[in-house]
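Undergrad: Encoded as C-alpha cells, here's the structure I'll be asking about.
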Amino acid sequence: MGNIRIEEGWRNALAGEFEKPYFKILAERVRSDYSNGRVYPPAGRIFAAFDASPFDSTKVVIIGQDPYHGAGQANGLAFSVNPGVPLPPSLRNILKEVSDDTGTPTPADGDLSRWARQGVLLLNTSLTVREGQPKSHAGLGWEHLTDAAVSQLSGLRDNIVFLLWGADAISKRAFIAPARPLILTSPHPSPLSAHRGFFGNRHFTRANQYLVSHGLTPIQW
C-alpha cells in the first residue's frame, strides 16, 4: 500500500485522506498483516470496488461490513464472489430478493462485477480482514476512508442511490449529504435478519425507478 493505485476520480476525491496520520498508520498495520499471514482480499484487490465503479459514473452504493474471511471468497467487491465460488448465505439472499423483486432469473454465479460495471459501488466498511477472523480489521481506520468516500460521493454527485442494509451500513447515513440522494434502508440480508424485512424491500426496482425518474439508465440487476 505504499503507492495507492486507485481509479483517478476516487484518487482525487480521497487524496486528502491518504495524507492523514490515521491512513499512514493503517497502511503500515495492513501491510504487516499481509506479510505475516493470510489477509483478504488479495492485496491487489483492496481498492477493487473503487476501480470497478469510477467516481464519476457511480449511480448506486451498496455498503457491506468487511470482506469474506474464507479462502478464495473475497474479491474486493462487497458481497461478491468470483465465478465458481459457492454463494455465501447473504449473497444467496440478495440474489433471491433481486429475482423476486425484478422477475429476472437467478444468475449462475455470485460475481457482482456486472453490477459494478453499470455504476454500482460495492463498498465494504473495512477493506481488509484476516483469514477466519471477521471484523479483525475493524477499527484500524478503514472506516474513516469509507466514511469519506460516502461523504464525497453524496456531496459532489447528484441523484445517487444508497442501499443501506443492517445497522452497520445504516450508520453511514450520518455521512450522506441531506436531501441530495435517495436512501433506502432495511435489515441485513444475513439469514439471521433477512426475514425481518430484507426480503420484500424491493430496493432494486425502487432504485431503478429513482434513476429513471432522473433521466439515468436503470441497473440490469
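The values are calculated or read from the model by the stated rules, or taken from the named source; none is laboratory data. Treat the numbers as computed from the prediction; the structure is a model and nothing was measured. A quick note on method: Cβ atoms are made from the backbone with ideal geometry, for glycine too, and the neighbour counts reach across all protein chains shown. Areas reflect the complete protein model, heavy atoms only, side chains present, ligands, DNA and RNA absent. Shrake-Rupley method; radii C 1.70, N 1.55, O 1.52, S 1.80 Å.
Undergrad: Pop out the carbon and sulfur fraction of the accessible area of region 148-221 as a percent, whole number, probe 1.4 Å.
TA: Roughly 54 percent of what the probe reaches on region 148-221 is carbon or sulfur.
Undergrad: So what is the relative contact order of the chain, in percent, for Cα pairs below 8 Å that sit 6 or more residues apart?
TA: Once divided by the residue count of the chain, the mean separation gives 23 percent.
Undergrad: Helix-only mean residue ellipticity at 222 nm, the chain, DSSP H runs n ≥ 4 weighted -39,500 (n - 2.57), per residue, nearest 500. What is it?
TA: After summing the helix terms and dividing by the residues of the chain, the value is -10500 deg cm²/dmol.
Undergrad: Moving on. When all C-alpha to C-alpha distances in the chain are sorted into bins of 10 Å, what percent of pairs does each bin hold, rounded to whole numbers?
TA: So the P(r) values, bin by bin, are 8, 36, 38, 16, 2, 0.
Undergrad: While we're on this one: Can you pull the semi-axes for region 88-174, root of five times each eigenvalue of the Cα gyration tensor, sorted largest first, whole Å? Provide the component values of the computation, followed by the final result.
TA: Working: eigenvalues 117, 75, 27 Å².
With the √(5λ) rule applied to region 88-174, the semi-axes are 24, 19, 12 Å.
Undergrad: May I pose another question? In a Gaussian network model over the chain where Cα atoms closer than 10 Å are linked, find which of 108, 138, 49 has the largest mean-square fluctuation.
TA: Sorting by GNM fluctuation, first place goes to 108.
Undergrad: Using only the heavy atoms of the protein chains and a 1.4 Å probe, how would 28, 131, 8, 17 rank by accessible area, largest first?
TA: 8, 28, 131, 17
Undergrad: To the nearest 20 debye, what is the magnitude of the charge dipole of region 111-199 about its Cα centre, counting +1 on the Cβ of each Lys and Arg and -1 on the Cβ of each Asp and Glu?
TA: For region 111-199, the charge dipole is close to 140 debye.
Undergrad: Charges at C-beta only: +1 for Lys and Arg, -1 for Asp and Glu. How large is the resulting dipole of the chain about its Cα centre, in Debye rounded to 20?
TA: 180 debye
Undergrad: Continuing with the same structure: Tell me the label-point distance for the pair residue 82, residue 15, using the 7 Å Cα-to-Cβ offset, in nm and rounded to one decimal.
TA: Going by the 7 Å Cα→Cβ label model, 3.4 nm.
Undergrad: Still on this structure: Counting only residues 5 or more places away or on other chains, whose amide H sits under 5 Å from the amide H of residue 124 once H atoms are built in the peptide plane?
TA: For residue 124, whose amide H was placed from the backbone, the distant partners under 5 Å are 64, 78.
Undergrad: Which value, in debye to the nearest 20, gives the size of the charge dipole of region 21-143 about its Cα centre, when Lys and Arg are +1 and Asp and Glu are -1 at the Cβ?
TA: Charge dipole, region 21-143, about its Cα centre: 260 debye, nearest 20.
Undergrad: Under 8 Å for C-alpha pairs, at least 6 residues apart: give me the relative contact order for region 1-66, rounded to a whole percent.
TA: RCO, region 1-66: 54 percent.
Undergrad: Continuing with the same structure: In the calculated pair distance distribution of region 22-72, what percentage of Cα-Cα distances lie above 12 Å?
TA: Here the tail beyond 12 Å accounts for 73 percent of pairs.
Undergrad: Any idea of the accessible area per residue across region 1-56, 1.4 Å probe, to the nearest Å²?
TA: For region 1-56, the solvent-accessible area averages 56 Å² per residue.
Undergrad: Okay, moving on. How large is the Kirkwood hydrodynamic radius of region 163-221, in angstrom, based on all distinct alpha carbon pairs?
TA: 12.5 Å
Undergrad: Quantify, in whole percent, the carbon and sulfur part of the accessible surface of region 33-78 (1.4 Å probe; protein heavy atoms only). Write down the numbers at each step before the final one.
TA: Numbers: 840 of 1720 Å².
Taking all protein chains in place, region 33-78 shows 49 percent carbon and sulfur surface.
Undergrad: Taking Cα atoms of region 25-156, Rg/Rh with Kirkwood Rh, to two decimals? Intermediate results must be reported in sequence, preceding the final value.
TA: Values: Rg = 14.8 Å, Rh = 15.2 Å.
Ratio of gyration radius to Kirkwood radius: 0.97.
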